[in-house]
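Asks: There's a structure below that I have some questions on.
The values are calculated or read from the model by the stated rules, or taken from the named source; none is laboratory data. Computed from a prediction, not measured in an experiment: that's the story for all the values here. Neighbour counts run over all protein chains shown; Cβ positions are idealised from the backbone, glycine included. SASA here: full protein model, heavy atoms, side chains in, ligands and nucleic acids out. Shrake-Rupley method; radii C 1.70, N 1.55, O 1.52, S 1.80 Å.
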Amino acid sequence: MTIDFPFIWTAFKEILKAIPLTLLLTITPLAIGFLIGLLVTWIRIGKARLIRLIANFYVSFFRGTPAIMHIMIIYFGLPILINQLVHYFELPIETNKIPISLFVILALSFTAGAYFSEIIRSGIASVTTGQIEAAYTVGMNTYQVAKRIILPQALAQSIPNITNIVVGFLHTTSIAFLVSQTEITGAANIVASKNLKFLEAFIAAGIIYWLITLMIEMISHFIEKKAKSYISSAL
Amino acid sequence: MNKRAIGVKRMIEITNLKKNFGPNEVLKGINLKVNKGDIISIIGPSGSGKTTLLRCLNYLEKPDEGIITIGEVSINARKVHKKDIYTLRKKSAMVFQSYNLFQHKTALQNVMEGLIVVQKKNIKEAQEIATELLRKVGLEHKTKAFPSHLSGGQQQRVGIARALALNPEVILFDEPTSALDPELVGEVLSVIAKIAKEGKTMIIVTHELNFAREISDRIIFMDNGVIVEEGSPKEIFVEQKEERTKQFLKRMVPELDYSI
């Protein structure tokens with residue numbers, strides 16, 4: 001067997017078309033997951049015991065199981081639940097008309113939320129208690145302290161971790177192909193099957209993942225430099 | 001009543017303040033009155049409760065019992081609401097042993113922060129006040145520097161400017177020079193002395209006995225969770241009545257040796 005090098009380029013061009021969906025499946029869950037992460041972290045460091053337990057369980061479960069499980073559970077489970085509700089309230093919704101990508105986005109949002117919660121929590125731990133006390137003595141309330149003193153520093157500290165999770169999620173979207181989403185891996189598989197050239201198609205897909213990852217890292221580097229300009233001098 | 005007649009105003013009143021950390025009784029019923037413009041230094045051995053007393057005044061530590069009054073705000077530890085705590089905190093400002101500047105903000109922004117967020121001043125006005133105060137503490141050339149680029153003494157002076165900016169009824173100093181290199185202590189003490197002359201009410205927890213003696217109207221000696229003795233610098237440093245005060249000062253004698 002030989003490698004058909006020209007076909008790598010053909011596949012490459014074909015797979016490029018899958019980038020918008022891939023980015024949608026990466027960025028939307030990360031954005032929603034970030035908000036979930038903030039909320040969950042706030043609950044976890046708060047005082048309400050019951051919801052704190054629930055939040056801890058959520059983080060533990062979603063970090064303790066693979067993302068593909070979350071997609072499968074939501075993809076197969078949620079329609080049943082929705083059907084029940086539709087039936088019960090006699091709503092004019094057809095479950096099979098809901099785009100599959102929505103299920104994927106929802107599932108990955110929960111996955112991202114759990115990871116973000118851990119990232120934000122460790123970022124918050126890096127802010128010295130002295131600064132928080134100082135903010136209180138200045139007269140700020142808890143919300144102001146969180147927004148103006150804790151979060152800016154916690155997030156600046158978290159940039160490397162956030163970059164990791166962004167890259168990780170870019171790669172995780174490849175499993176959406178299992179529920180027939182034509183993201184990069186899905187597109188590669190289609191091109192490959194049509195022409196029976198699997199190696200070439202996946203090499204092309206690999207290059208695309210890698211290039212996007214490099215771009216994410218460049219952006220992250222730039223942001224990190226800006227956001228951390230306050231920490232020490234000679235960097 | 002008499003004092004009021006001649007224009008002395010009560011600023012702070014602490015009644016029967018108690019605080020435990022677990023089984024450890026740190027404050028055993030403190031009573032204290034401070035008049036407007038008073039400069040009070042609290043001295044005493046480590047673990048005597050001085051810092052805890054100071055931190056109870058702005059509820060960084062929640063006392064178990066007792067009433068704290070600053071200006072017209074009064075809080076009873078037995079029935080305290082979050083709102084009361086916020087109101088009480090606005091009456092005071094604190095200068096910390098480890099400066100506790102906001103690391104992600106410049107010197108100027110550190111001073112402006114409370115003016116903008118808490119006092120809702122506009123940026124221009126806040127900037128003017130902050131610049132003026134940084135000039136006062138001798139840091140007009142460092143307004144744009146981040147805390148990580150400032151020496152300990154400079155950071156502490158920013159901390160003092162941040163406290164002054166709020167124009168509080170009282171400034172609480174929690175061992176403001178204890179974390180400084182010896183050669184930087186002087187610059188901070190001279191800034192504090194400068195403010196003291198302007199008639200601000202101040203409570204200072206300190207180990208700098210000479211300094212306390214020089215600038216204070218009243219010295220409070222604490223040991224083991226109680227106020228053992230209080231009086232004018234002369235009464236405490238020269239004519240002390242209590243054995244424990246004598247013992248403490250004796251231990252600190254090497255420090256008292258160099259002239260004031």
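Asks: Ranked from highest to lowest mean number of other Cβ atoms within 10 Å per residue, what is the order of the peptides B:61-70, A:4-13? Numbers along the way, then the final one.
Replies: Working: B:61-70: 18.8, A:4-13: 15.1.
Taking the mean over residues of other Cβ atoms within 10 Å, the ranking is B:61-70, A:4-13.
Asks: Report the one residue of B:G199, B:I215, B:S151 whose Cα lies farthest in the direction of the positive end of the charge dipole of chain B (charges on C-beta: Lys and Arg +1, Asp and Glu -1; origin at the Cα centre).
Replies: Working it through, the farthest residue towards the positive pole turns out to be B:G199.
Asks: Averaged per residue, what accessible surface does the range B:1-103 expose to a 1.4 Å probe, in Å²?
Replies: Value returned for the range B:1-103: 47 Å² of accessible area per residue.
Asks: Hey, another quick one. Compute the accessible area of each residue in the range A:124-143 twice, once for its chain alone and once with every protein chain present, using a 1.4 Å probe on heavy atoms, and list those whose area falls by at least 10 Å².
Replies: A:G130, A:Q131, A:E133, A:A134, A:Y136, A:T137, A:V138, A:G139, A:M140, A:N141, A:T142
Asks: Further, regarding this structure: Carbon-plus-sulfur fraction of the accessible area of the range B:29-152, 1.4 Å probe, in percent? Before the final figure, lay out each step's value.
Replies: Numbers: 2500 of 5200 Å².
Carbon and sulfur: 48 percent of the exposed surface of the range B:29-152.
Asks: If you count, for each residue, the other Cβ atoms within 10 Å and average over each peptide, how do A:59-71, B:32-44, A:101-113 line up from highest to lowest?
Replies: Numbers: A:59-71: 16.5, B:32-44: 20.7, A:101-113: 22.3.
The densest-packed peptide leads the list: A:101-113, B:32-44, A:59-71.
Asks: Give me the accessible area per residue for the range A:20-181, probe 1.4 Å, as a whole number in Å².
Replies: On the way: 8390 Å² over 162 residues.
Result: 52 Å² per residue.
Asks: Related question: In nm, to one decimal, how far is the modelled label at B:K246 from the one at A:T129, with both set 7 Å along Cα→Cβ?
Replies: It works out to 4.0 nm between the two label points.
Asks: Mind checking how much accessible area B and A bury in total, 1.4 Å probe, in Å² rounded to 100?
Replies: On the way: alone 12910 and 14190 Å², together 25050 Å².
It comes to approximately 2000 Å² buried between B and A.
Asks: Give the distance, in whole Å, between the Cα centre of the range A:6-37 and the Cα centre of the range B:123-186.
Replies: Here the answer is 50 Å between Cα centres.
Asks: Let me ask something additional. Between the range B:192-218 and the range A:137-175, how far is it from one alpha carbon centroid to the other, in angstrom?
Replies: Cα centroid of the range B:192-218 versus Cα centroid of the range A:137-175: 42 Å apart.
Asks: Let me ask something else about it. Which of the peptides B:188-199, B:162-173, A:20-31 is most tightly packed, and how do the rest follow, judged by the mean count of other Cβ atoms within 10 Å per residue?
Replies: B:162-173, A:20-31, B:188-199
Asks: Here's a follow-up. For the protein assembly as shown, give the share of DSSP beta bridges that are antiparallel, in percent and rounded to the nearest 5; count only bridges with both residues there. Don't skip to the end; give the middle numbers.
Replies: On the way: 23 of 40 bridges.
Close to 60 percent.
Asks: Okay, moving on. Hey, any idea what % of the range A:20-181's accessible area is carbon plus sulfur with a 1.4 Å probe? Before the final figure, lay out the partial values.
Replies: Values: 5880 of 8390 Å².
Ligands and nucleic acids excluded, carbon and sulfur reach 70 percent.
Asks: While we're looking at this one, here's another question. Could you give me the radius of gyration and the Dmax of the protein assembly as shown, taking only the C-alpha atoms into account and expressing both in angstrom?
Replies: Taking only Cα atoms of the protein assembly as shown, I get Rg and Dmax of 30.9, 107 Å.
Asks: With viscosity set to 1.306 mPa s and temperature to 10 °C, compute the Stokes-Einstein D of the range A:93-146, Rh being the Kirkwood radius across alpha carbon pairs; µm²/s, no decimals. Don't skip to the end; give the middle numbers.
Replies: Values: Rh = 14.4 Å.
Estimated via Stokes-Einstein, D reaches 110 µm²/s.
Asks: Mind listing, in residue-number order, the residues in the range B:93-108 that have at least 30 Å² less accessible area with every protein chain present than in their own chain alone (1.4 Å probe)?
Replies: When all protein chains are present, B:F96, B:N100, B:F102, B:Q103, B:H104 each give up 30 Å² or more of accessible surface.
Asks: Can you give the FRET efficiency to the nearest 0.05 for B:K197 and A:L199, using r as the Cβ-Cβ distance and R₀ = 56 Å? Don't skip to the end; give the middle numbers.
Replies: Numbers: r = 83 Å, r/R0 = 1.48.
So the FRET efficiency works out to roughly 0.10.
Asks: Let me ask you something else. Bin by bin, in steps of 5 Å, what percent of the Cα pairs in the range B:56-200 do you find, going until the bin that has the longest distance?
Replies: Here the calculated profile for the range B:56-200 is 2, 10, 19, 20, 19, 14, 9, 5, 1, 0.
Asks: Further, regarding this structure: Once you mark the GluC sites (Glu not before Pro) that are in a DSSP loop and have at most 10 other Cβ atoms within 10 Å, what is the longest gap between them in chain A?
Replies: On the way: sites that count: A:E90, A:E94.
Here the longest run is A:95-235.
Asks: Work out how much length B:E183 to B:D217 would gain on full extension: take 0.36 nm times their residue separation and subtract the Cα-Cα distance, in nm to one decimal. Spell out each step's value before the answer.
Replies: Working: separation 34, 0.36 × 34 = 12.24 nm, distance 2.64 nm.
The span from B:E183 to B:D217 would gain 9.6 nm if fully extended.
Asks: Sticking with this one: Bin by bin, in steps of 5 Å, what percent of the Cα pairs in chain A do you find, going until the bin that has the longest distance?
Replies: 1, 6, 11, 13, 14, 14, 12, 10, 8, 5, 3, 1, 1, 0, 0
Asks: If you keep only loop residues by DSSP, which trypsin sites (Lys or Arg not before Pro) in the range B:87-133 have at most 10 other Cβ atoms within 10 Å of their Cβ?
Replies: Values: sites: B:R89, B:K90, B:K91, B:K105, B:K120, B:K121, B:K124; in loops: B:K90, B:K91, B:K105, B:K120, B:K121.
When the trypsin sites (Lys or Arg not before Pro) of the range B:87-133 are filtered for loop state and at most 10 Cβ neighbours within 10 Å, B:K120 remain.
Asks: Then there's this: Expected output is a single nm value to one decimal: the length gained when fully extending between B:S232 and B:I67, i.e. 0.36 nm times separation in residues minus the C-alpha distance. What is it? Mind dumping the intermediate values first?
Replies: On the way: separation 165, 0.36 × 165 = 59.40 nm, distance 2.51 nm.
The B:S232-B:I67 span can extend by a further 56.9 nm.
Asks: Let me ask something else about it. Given points 7 Å out from each Cα along the Cα-Cβ axis, report the A:D4 to A:H87 separation in nanometres with one decimal.
Replies: Each label point lies 7 Å from its Cα, and together they span 4.9 nm.
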